Amino acid sequence: MLVHSRAGRWTAWTVFFVLFLPLFALPFLVVLAASFATHWSGALPSVPTLAHYREALHGDSLHALTTSLLTATGASVSALVLGGWAALAAERLPRRLRRVVDALFMLPLAVPSVVVGLCLLVAFSQPPFLLNGTAWIVVLAHTVLVTAFAHQSVGAALTRLDPAYEQSAASLGARPLYVLWRIRLPLLLPSLTAAAGLCFALSMGELSATVMLYPPGWVPLPVRIYSATSRGSLFEGAALAVVMMAATLAVLLGVSRIRNRAAHR
Amino acid sequence: MSAAGGVRLDGVTVAHGGTTVLDRLDLSVGPGEVMALLGPSGSGKTTALRAVAGFVRPSAGRVLIGGRDVTGLPPYRRGIGMVVQQYALFPHLRVEQNVAFGLRARRTPRATITGRVTEALEMVGMAGYARRHPRELSGGQQQRVAIARALAIRPDVLLLDEPLSALDARLRSGMLAELARLHRELPHVSILYVTHDQIEALTLADRVAVLDQARLRDCGTPYELYRTPRTAFTASFVGNANLLPVRGERDGRVRLADTPLRVASGAAGPGAGAEATVCVQPHLLRLLPAPDAVGATGGAGSANVLRGTVTAVQWRGHTHRLLVDVHGHEVRADVGDLRQPPAAGDEVALAVDPEDTVLLPGGLTDGGHRG
Ligand SMILES: Nc1ncnc2c1ncn2[C@@H]1O[C@H](COP(=O)(O)OP(=O)(O)OP(=O)(O)O)[C@@H](O)[C@H]1O
Ligand SMILES: [Mg+2]
């Protein structure tokens, strides 16, 4: 801790409990409590049950979970490859052109994701680019939305990378591709995994573009949660949300383990 | 890998956005020769090295390695070993993997790699550290590994950019001796050694090139540059010399204000009244037995005598450095550890032999450099 005096530490903890708990923790606690409830008319939910979880891990709901996991994996891997590749390639560009490329990658963040969904719907509803009605258009939309983050974080990491490493490698006779593979990518690994985690989490929770695009056989979890809550099944929705949070958290922890191992070498 | 090594720079000019950071540099390092590139900070030493390595493209001139024009070749096709200032060991690779890197990149057979890595690590005394990661090594150890990594590819040319600047004084002198030994073991390797430390340059190099403000100022053996510099800049930067403005006399002697000075024979004296510069190295000045000697030349014999007022005394362990104001010019004198050093404000007389009084043509325009 950076706070050294006892009074300072107490103040820090108080601020933490007063601000953090209501702001961040309470909503999650409510969802968690609701996911076990059958009724909630008093201050606290009553008649605890595991039925919602049984429901959430079966049939269509389980399918929605795997759909979300697959979509998020596909989107974050493609975003990492595309965004990382673009950041690496942009390094060689003149500065002004590089700014333009950077801005282009930020564009999907500047417009509402509903608009991004709409654009994709318009663009891919006609042959030869007929993706509408397939799972691919969902993965594509998520990729478009999260690539900006991958591009940003890889680009930022690249500017911090000491050119002395690649130059030493080159002077030892390594060709650019070999330098990329053996030196630059391993050195970028912490940033790459951080970007992957971010992209994955964002894709897991994406709703607004997804609702415009998802086909009947490819219903991601947020859509299912949304329809559950909008038809009034709040407790079922809460259980689904908890499952989704747990799954995302598990993946993020796994990714950060890789990152720690990379950073500690 | 024949004896046809060596590096030549032919009028190499490098400009960064309008400013010339290297101006028509001509330099040639023979096979097996150690050339030190000496100069103050910002003089273009690293730039010259990077031009040889291929990391900056000269706007004019050619770079030849082993007689082959490599000006247009990318760094990875030049076959040189390079050790940069920060060592730049690959942090994610073990010491042995670092050393093997260049060989792997060249697709050397695995069996050969193992042998060469061991050999290179033994050469720098780091064989016991092969399994470590760079961050588990001290600065001096990292530097040895960086050298081993450069040597493993058996280059004909080794470029070293201030390799010892990150080390403390004691470690530095140890590493200097090791570099000298290393070069004896690899007699065919040409070494271009960048430094701003004249001791390193004088110790290690067969020849020293002095750079200042993007230009080559002087080039010669360490002894030549140290004892008989050709420019005031060399005299002050390499030899730490005091530079004193003098005027020529009719009889071929020179005069510092009203003090006549005899200079080393062989140098053509300036014409009467012409401006010239005299260089005297601090350690060649002797303190005459003061204070009764003030006014007399007692003990000086035929030596030149400079009289002045002490402005400061610095004790440096093995010497006392006296700063003496002589006719308005500050003269530094390193005299052996004195029992009773003079104090600031004392009048002293300093003697220097005529052979150690080096005359340079021209006035003190470029100011020289304070060492
Ligand atoms: N990429 C660059 N862009 C612009 N100017 C540069 C660049 N690289 C070097 N310079 C300039 O070129 C000059 C020479 O730089 P160089 O690095 O060769 O100096 P040096 O002699 O190695 O100095 P030092 O002893 O401090 O390492 C400096 O004035 C520096 O500011
Ligand atoms: Mg430098």
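The values are calculated or read from the model by the stated rules, or taken from the named source; none is laboratory data. Just so it is clear, the model here is predicted, and its values are computed rather than measured. Quick reminder, even Gly has a Cβ in these numbers, built from the backbone with ideal geometry, and neighbours come from all protein chains shown.
Structure notes:
- Residue under evaluation B:LEU49, criteria (1) within 11 Å of ligand 1 (Cβ to nearest atom); (2) assigned to a strand (DSSP E or B), criterion not met: (2)
- Which numbered condition B:GLY125 misses (of (1) more than 30 Å from B:GLY18 (Cα to Cα); (2) surrounded by fewer than 18 Cβ atoms within 10 Å (Cβ to Cβ); (3) within 16 Å of ligand 2 (Cβ to nearest atom)): (3)
Conditions (1) touching a residue at least 12 places away in the same chain (Cβ under 8 Å); (2) within 26 Å of A:TRP218 (Cβ to Cβ); (3) not in a loop (DSSP other than H, G, I, E, B), marked per residue:
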{"site": "A:LEU97", "(1), (2), (3)": "no, no, yes"}
{"site": "A:VAL116", "(1), (2), (3)": "yes, yes, yes"}
{"site": "A:LEU120", "(1), (2), (3)": "yes, yes, yes"}
{"site": "A:LEU140", "(1), (2), (3)": "yes, yes, yes"}
{"site": "A:ILE183", "(1), (2), (3)": "yes, no, yes"}
{"site": "A:PRO186", "(1), (2), (3)": "yes, no, yes"}
{"site": "A:PRO190", "(1), (2), (3)": "yes, no, yes"}
{"site": "A:THR193", "(1), (2), (3)": "yes, no, yes"}
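- A:ALA170 falls short on exactly one of the conditions (1) closer than 30 Å to A:LEU93 by Cα; (2) modelled with pLDDT under 90; (3) within 14 Å of chain B (Cβ to nearest Cβ), and that condition is (2).
- Check on B:ALA166, touching a helix residue (DSSP H, G or I) at 6+ places or on another chain (Cβ under 8 Å), within 16 Å of ligand 2 (Cβ to nearest atom) and either part of a loop (DSSP other than H, G, I, E, B) or without any contact (Cβ under 8 Å) to a residue 40 or more places away in the chain (or both): yes
- Filtered residues of region B:71-102 (kept if within 16 Å of ligand 1 (Cβ to nearest atom) and part of a loop (DSSP other than H, G, I, E, B)): B:VAL84, B:GLN85, B:GLN86, B:TYR87, B:ALA88
- Scanning region B:34-50 for residues that are near ligand 2 (Cβ under 9 Å from one of its atoms), within 8 Å of B:VAL194 (Cβ to Cβ) and more than 14 Å from chain A (Cβ to nearest Cβ) yields one hit, B:LYS45.
- Between B:GLN213, B:GLN198, the distinction of being surrounded by fewer than 17 Cβ atoms within 10 Å (Cβ to Cβ) and within 16 Å of ligand 2 (Cβ to nearest atom) belongs to B:GLN213 only.
- Exactly one residue among B:ARG217, B:ARG207 is charged (D, E, K, R) and over 11 Å from the mean Cα position of the chain (by Cα), and that residue is B:ARG217.
- Single unsatisfied condition, A:LEU180 versus (1) away from chain B (no Cβ under 14 Å); (2) out of contact with any Lys or Arg (no Cβ under 9 Å at 6 or more places or on another chain): (1)
- In the set A:VAL31, A:VAL3, only one residue is modelled with pLDDT under 80, β-branched (Val, Ile, Thr) and either assigned to a helix (DSSP H, G or I) or out of contact with any Pro (no Cβ under 7 Å at 6 or more places or on another chain) (or both); that residue is A:VAL3.
- Whichever residue in region B:51-75 is surrounded by fewer than 21 Cβ atoms within 10 Å (Cβ to Cβ), over 14 Å from B:GLY11 (Cβ atoms) and not hydrophobic (A, V, I, L, M, F, W, C) and, among such residues, is farthest from the other protein chains (Cβ to nearest Cβ): B:GLY67
- Taken over region B:317-348, residues that are buried (at least 16 other Cβ atoms within 10 Å of the Cβ) and within 14 Å of B:LEU256 (Cβ to Cβ) amount to 4.
- Scan of region B:144-160 for residues that are within 16 Å of ligand 1 (Cβ to nearest atom) and surrounded by fewer than 23 Cβ atoms within 10 Å (Cβ to Cβ), ordered by number: none
- Residues satisfying the stated conditions in region B:51-73, i.e. in contact with a helix residue (DSSP H, G or I) (Cβ under 7 Å, 6 or more places away or on another chain), without any contact (Cβ under 8 Å) to a residue 40 or more places away in the chain and either away from ligand 2 (no atom under 16 Å from the Cβ) or outside the structural domain of B:ASP161 (by TED's automatic domain parsing) (or both): B:GLY54
- Unmet requirement for B:LEU27, which otherwise passes all of (1) surrounded by fewer than 17 Cβ atoms within 10 Å (Cβ to Cβ); (2) away from ligand 1 (no atom under 12 Å from the Cβ); (3) of a type in the set (A, V, I, L, M, F, W, C): (1)
- A count restricted to region A:141-176 and to residues that are crowded, with 21+ Cβ neighbours inside 10 Å and either farther than 30 Å from B:LEU159 by Cα or under 15 Å from the mean Cα position of the chain (by Cα) (or both) stands at 14.
- If the condition is being surrounded by 19 or more Cβ atoms within 10 Å (Cβ to Cβ) and more than 16 Å from ligand 1 (Cβ to nearest atom), then region B:184-195 contributes B:VAL189, B:SER190, B:ILE191.
- Residue in region B:176-197 that is touching a Lys or Arg at 6+ places or on another chain (Cβ under 7 Å), in contact (Cβ under 8 Å) with a residue 60 or more places away in the chain and away from every other protein chain (no Cβ under 14 Å) present: yes
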